[in-house]
Each structure stands twice: as structure tokens, then as C-alpha cells.
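Take a look at the structure below.
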Amino acid sequence: MWWKWWRGQQPESRFRDGQLVQSEAVLWDGLEEKCGPNGLVLVVGSLLWWREGIVAAAETCGDHKVDDIDIPVEHADWELAVVDVTWALDHMVRHCVKAKTIPNKRARRS
């Protein structure tokens with residue numbers, strides 16, 4: 001479920017043959033419109049909650065299965081997500097620095 005959401009937040013240039021790719025050719029422009037004002041908070045928060053769920057399940061069941069969830073497999077999937085988010089954040093920052101742009105925040109209402 002997390003991966004489906006994460007894929008929906010990515011620019012089209014991150015996909016090749018329907019799969020997420022880590023390429024220097026990714027175009028990050030306009031991403032702030034896609035993810036909304038809380039985009040980074042949601043990404044990092046979702047990874048934290050996912051990890052907390054894995055830890056809680058492992059503590060309860062001793063690193064086995066919980067309701068058909070294989071904890072070692074779920075942990076490995078979470079680690080892949082962390083690697084991909086880290087890559088994406090690194091490249092977004094590089095893109096902004098290279099372009100000397102910082103996405104505009106919405107104007108605050110008085």
C-alpha cells in the first residue's frame with residue numbers, strides 16, 4: 001500500500017517500463033504541486049509509522065508472522081523504501097541547488 005502511494009507522488013520521469021528508476025535524468029520541477037505543502041512531512045512520517053508497526057509486530061510475535069505479514073520481508077521492504085526516499089530527497093535537493101530555486105510556499109493567510 002505504501003509503495004502505491006509513493007509511486008503516485010513521483011514525477012513521470014522516474015518511471016521506465018512502469019518501474020521506478022533512480023536516474024540522473026529525473027525532472028523534479030512541479031513536484032511541490034503534486035505532493036502538497038506537507039509532502040516531506042508525510043513521506044518521513046509514513047516511514048516512521050511503518051517502522052513502528054514492524055517493531056511492534058516483531059516484539060509481539062518474535063520476528064515471525066502477524067496476520068499473514070512476514071516480518072522479515074516487511075522489514076526488508078521498509079528498508080528498500082528508506083533507500084528510495086533517501087535517493088529521491090538527495091536528488092531533489094541537488095536539483096534545487098543546481099537550478100538555484102527553492103519551491104515557493106503558499107502565501108500565509110492573515
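We did not get these values from a lab; they are worked out from the coordinates using the rules stated. Computed from a predicted structure; not experimentally measured. Quick reminder, even Gly has a Cβ in these numbers, built from the backbone with ideal geometry, and neighbours come from all protein chains shown.
Counting only other residues whose beta carbon sits under 14 Å from that of A25, what net charge do I get with K and R as +1, D and E as -1?
Net of charged neighbours comes to +1.
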Between A56 and E79, what's the calculated FRET efficiency when r is the beta-carbon distance and R0 is 22 Å? Round to 0.05.
0.80
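At R0 = 22 Å, how high is the FRET efficiency between E24 and V44 if r is their beta carbon distance? Nearest 0.05 is fine. Intermediate results must be reported in sequence, preceding the final value.
On the way: r = 24 Å, r/R0 = 1.07.
Using R0 = 22 Å, I get an efficiency of 0.40.
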Find out how many positive minus negative residues lie around L47, taking Lys and Arg as positive, Asp and Glu as negative, among other residues whose Cβ is under 12 Å from that of L47.
-3
